[in-house]
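The values are calculated or read from the model by the stated rules, or taken from the named source; none is laboratory data. Because the structure is predicted, anything quoted here is derived from the model rather than measured. Neighbour counts run over all protein chains shown; Cβ positions are idealised from the backbone, glycine included. Heavy atoms of the whole protein, side chains included, go into the accessibility calculation; ligands, DNA and RNA do not. Shrake-Rupley method; radii C 1.70, N 1.55, O 1.52, S 1.80 Å.
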Amino acid sequence: MDAIKEAINSFCSPVAIFTTAIFMFALFMAFPKQMTNKWVAGAIGLGVVGFFIFGMQDAHFKDIVGKADNLPIVGMIFIFGYFTWFAMKKAVENDERIAAGQPTWEKTESEEKVLVFPYLIYIEFVIALLYAAALVYWAILVQAPLEDPANPTLSPNPSKAPWYFLGLQEMLVYFDPWLAGVLFPTVIIVGLCAIPYIDNDPKTSGYYCFKQRRWAITAFMFGFWILWLVLIMVGTFLRGPNWNFFGPFEVWTAHKVVPLINVNLSEFFYIKWLGIALPQNWFIRELPGFAALFIYFILIPKALERTVFKKLYERIGAARYHILIALTFMMIALPLKMYFRWAFNLKYIIAIPEFFFNI
Amino acid sequence: MTEETPKTPEPKKPEAAPQPPKAQEPAAGAGPKPAVPASPAAAKPVTPVVRPAVPVAKKPASAPAGKPAGPASPERRKFMMSWLSFAWIAFSAATVAALSTTLRFLFPNVLFEPKMAFKIGKPDEYDLGKVDTRWEDRYGVWIIRSPEGIYALSTVCTHLGCKPSWLENEQKFKCPCHGSGFYKSGINFEGPAPRPLERFAISLADDGQILVDKSLKFQYEKGEWTKPLALLPV
Ligand code: FES
C-alpha cells in the first residue's frame, strides 16, 4: 500500500501530470472509436473510481478530496468525463453512419416526432426535482467553507481562488499577473465568442460528428480539458502550502523546500550564451525576447499561410485566418511556456520590470 | 373577461352559470358557444349576446365592449389610474430602497488603515541578521537588521499582493498564493513575482526610536534602495 502511494507521489509533478494528460488526450482524439468503446471507457472510468476509493483509505488524501471547497471538483471530473465520452460515442456512431451512407442518428430520431408535453417536460421535471433534492442534501450535510472576516495582513496558506478560477491561478505561476489575470481571461472570452464567426461552416450543425470537424473539436477540447479542467484539478488537489506541488498522498507542510530559481531569456542569451553582462538599455536587453515573439507570432504563421495552411487560408480568407491563427498560437503558447519553465527554469521571455511588462 | 361575461346574462342562459367556476379558459370559451343561439361559432358571437344585457349596468366588465361603457369610464379610469399609479410608485420605491441597500456594499466591513508613520522602538531591540515579524500584522512591515543597517520591508507580495510568510529554516519569504520567493533582502528569486519587495522610509526619531514612514517607498528596480532613507545605518 505505502509503496504504491510512494510511487504515485514520486511520479507526480506538474510536468508529469500535464504530459500524461496531453498523452491521454491525444490518444482519445486519435482513436476515438477504440477509446469510447464501452470496455475501454468502462475500464478508465472504473480505474478513476477505484483510485478515489483507494485514496480515500489514506487520511490525508481523504482530507483534501473531502474538503467542502473541493467537492465540486470531484463531481466535475466525473460529470465532464461522462459527457465527453457520451458526445464522442455519438460522434463516432454518426461518423460510421455517414461513411456507410446512412442518415445520422439525429436525423432518424427526429423523423419520429413526440410531444414536448408530457414527454420532455416530465423528464425535465423529474431531473429538476432530483437536482433540487441533491442540492438541499448537499447544503445540509456539508458545512459551507466560510472563513474569518477579511484581513489584509493574513493570507491563508495556501491561498486558493474559487475553484472555477484555479486554472487561472495555476497559470499565474507561469505568467505575469497582467497576462494570466487580465489578458488571458479576456482573450479566452473573446475567443470563445469569435468561434462561430471564424468557423461559419453550417455543414455539420445539428448532429454529433467528429471526422468532419476533427481539428475544430480537437482544438476546443484541448483548451477545455487540458488548459482549463486539468489545471483546475492540479490547483485544487495538488497545490499545497506556499503553492508548492504535492503528490496526492503527500502531507501538506509549509516547510517543503523546492528549489525554484528562475532565469529570464535575456539572462540566458547574454550571460550564458554570449558570456557578457546584461546590457543596460532595456530594449537591447530584451531584444532576444522580442525576436522570439516575432518569429513565433508573425513569421511562423506567415510561413504556414504559404504552405501547410494554404487551402485553409483560401477558404476562410485573410481576416478569419489571422484571427484564428492568433488565437490558436496564443493557446499553444500557454503550455509551451509552461514546458520551458519546467525544462529550463525559464521565467519570462520578455522581462521589463521598469514598465511592469513581462511575457 | 371571458369568465365575467357569462355572469351578467344570467336570466337568459342558466347553463352559463356552472361554467365559470371551472375557470378553464379554453374550455369556457368553447363551451358556452354552442349553447348560444345558433349563430356563427366563433368568439365574436358571444359579445352581441352580452351587449343588450349590459348597457344600463353601472359597473360591468366593459372592456370588451369599449363604446357602450361611455359615461362610466372616465371615473373608472381615474380610479384605476390612482390605484395603478399608487402601485407603481410603491413598487418603484421598494425597488429603489432595495437597490440602495446594495450601496452599503461599497463600504467594507473591515477597514485596514493603520498609521502611515509609526515608531517601532530602539534599534538595539532588533537582533543582527534576524527578520523581525512583530509588526507584520499591525503595520505590514518586516524589520530586518543586516550588518549595513536596518530596513523596513513591505509585506505585500509584488506579484498580486498576498502576504508572504518568513520561513526561518529556509531563510526566505515565501508567498502562499503562487509561490514567489524572496531573499531576506527582499530580492525576488523564485516564482512569478516580477520585482523585489518594496522598502519603506526608515529613520531615527528625536527620542532615539526608529521611525518608519510607509508613505515613502523605495523600489529596487528603480535603483532607489541606495537612497538615504531606505536604510538606517547602525
Ligand atoms: S501574490 Fe505572491 S506569488 Fe502571487
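Applying the criterion of being of a type in the set (A, V, I, L, M, F, W, C) and buried (at least 16 other Cβ atoms within 10 Å of the Cβ) to the residues of segment A:58-70, the residue that is farthest from the chain's Cα centre (by Cα) is A:61. Screening residue B:96 with (1) open to solvent by less than 50 Å² (accessible area, probe 1.4 Å); (2) not in a loop (DSSP other than H, G, I, E, B) gives one miss only, at (1). Among the residues examined, residue A:150 qualifies as farther than 30 Å from residue A:211 by Cα, within 16 Å of the ligand (Cβ to nearest atom) and loosely packed, with under 12 Cβ neighbours inside 10 Å. Among the residues of segment B:116-160, what is the count of those that are touching a helix residue (DSSP H, G or I) at 6+ places or on another chain (Cβ under 8 Å) and within 14 Å of another protein chain (Cβ to nearest Cβ)? Of the residues in that region, 4 qualify.
Residue by residue, here is whether (1) facing another protein chain (nearest Cβ under 10 Å); (2) of a type in the set (Phe, Trp, Tyr); (3) open to solvent by less than 60 Å² (accessible area, probe 1.4 Å); (4) closer than 26 Å to residue B:168 by Cβ holds:
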site: A:237; (1), (2), (3), (4): no, yes, yes, no
site: A:240; (1), (2), (3), (4): yes, no, yes, yes
site: A:243; (1), (2), (3), (4): yes, yes, yes, yes
site: A:248; (1), (2), (3), (4): no, no, yes, no
site: A:252; (1), (2), (3), (4): no, yes, yes, yes
site: A:259; (1), (2), (3), (4): yes, no, no, yes
site: A:268; (1), (2), (3), (4): no, yes, yes, no
site: A:272; (1), (2), (3), (4): no, no, no, no
site: A:276; (1), (2), (3), (4): no, no, no, no
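Return the residues of segment B:129-142 that are under 27 Å from residue A:261 (Cβ atoms) and not in a strand (DSSP E or B); say none if nothing qualifies. Those that are under 27 Å from residue A:261 (Cβ atoms) and not in a strand (DSSP E or B): B:129, B:130, B:133, B:136. Would you please name the residue that is most open to solvent (accessible area, probe 1.4 Å), looking only at residues in segment A:278-298 that are without any contact (Cβ under 8 Å) to a residue 12 or more places away in the chain and under 27 Å from the mean Cα position of the chain (by Cα)? Among residues in segment A:278-298 that are without any contact (Cβ under 8 Å) to a residue 12 or more places away in the chain and under 27 Å from the mean Cα position of the chain (by Cα), the one most open to solvent (accessible area, probe 1.4 Å) is A:294. Between A:271, A:276, the distinction of being assigned to a loop (DSSP other than H, G, I, E, B) and not assigned by TED's automatic domain parsing to the domain that holds residue A:62 belongs to A:276 only. Restricting attention to segment B:165-180, the residues that are more than 8 Å from every other protein chain (Cβ to nearest Cβ) and under 11 Å from residue B:193 (Cα atoms) add up to 1. Out of B:107, B:118, one residue alone is of a type outside the set (S, T, N, Q), open to solvent by 40 Å² or more (accessible area, probe 1.4 Å) and within 21 Å of residue A:154 (Cα to Cα). It is B:107. Just one of the listed residues (A:153, A:186) is closer than 30 Å to residue B:135 by Cβ and among the β-branched types (Val, Ile, Thr), namely A:153.
Report yes if residue A:123 is in a helix (DSSP H, G or I) and either closer than 21 Å to residue A:214 by Cβ or open to solvent by less than 60 Å² (accessible area, probe 1.4 Å) (or both), otherwise no. No, not satisfied.
Identification of strands (runs of 3 or more DSSP E) wholly contained in segment B:143-234 with 2 or more residues that are more than 16 Å from the ligand (Cβ to nearest atom) and open to solvent by 10 Å² or more (accessible area, probe 1.4 Å) yields B:199-204, B:210-218. For segment A:1-25, filtering for residues that are without any contact (Cβ under 8 Å) to a residue 60 or more places away in the chain and open to solvent by less than 50 Å² (accessible area, probe 1.4 Å) leaves 1. Among the residues of segment A:131-167, those that are of a type in the set (Phe, Trp, Tyr) and more than 13 Å from every other protein chain (Cβ to nearest Cβ) comprise A:131, A:137, A:138, A:163, A:164. It is to be established whether one or more residues within segment A:55-62 are among the aromatic types (Phe, Trp, Tyr) and in contact with a Lys or Arg (Cβ under 9 Å, 6 or more places away or on another chain). So far as segment A:55-62 goes, yes, one or more of its residues are among the aromatic types (Phe, Trp, Tyr) and in contact with a Lys or Arg (Cβ under 9 Å, 6 or more places away or on another chain).
The single condition from (1) buried (at least 17 other Cβ atoms within 10 Å of the Cβ); (2) out of contact with any strand residue (DSSP E or B) (no Cβ under 7 Å at 6 or more places or on another chain) that residue A:350 fails is (2). The listed residues are A:191, A:181, A:167, and the only one of them that is part of a helix (DSSP H, G or I) and at pLDDT below 85 turns out to be A:181. Hey, among the residues in segment A:169-195 that are open to solvent by 20 Å² or more (accessible area, probe 1.4 Å) and under 15 Å from residue A:228 (Cα atoms), which one's nearest to the ligand (Cβ to nearest atom)? That would be A:181.
Listed here are the residues, each with its yes/no results for (1) closer than 19 Å to residue B:165 by Cα; (2) in contact with a helix residue (DSSP H, G or I) (Cβ under 8 Å, 6 or more places away or on another chain); (3) free of Cβ contacts under 8 Å to residues at least 12 places away in the same chain.
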| residue | (1), (2), (3) |
| --- | --- |
| A:131 | no, no, yes |
| A:136 | no, no, yes |
| A:150 | yes, no, yes |
| A:162 | no, no, yes |
| A:166 | no, yes, no |
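Taking the criterion of being surrounded by fewer than 16 Cβ atoms within 10 Å (Cβ to Cβ), modelled with pLDDT of 85 or more and of a type in the set (Lys, Arg), would at least one residue in segment A:96-119 satisfy it? For segment A:96-119, residues surrounded by fewer than 16 Cβ atoms within 10 Å (Cβ to Cβ), modelled with pLDDT of 85 or more and of a type in the set (Lys, Arg): present.
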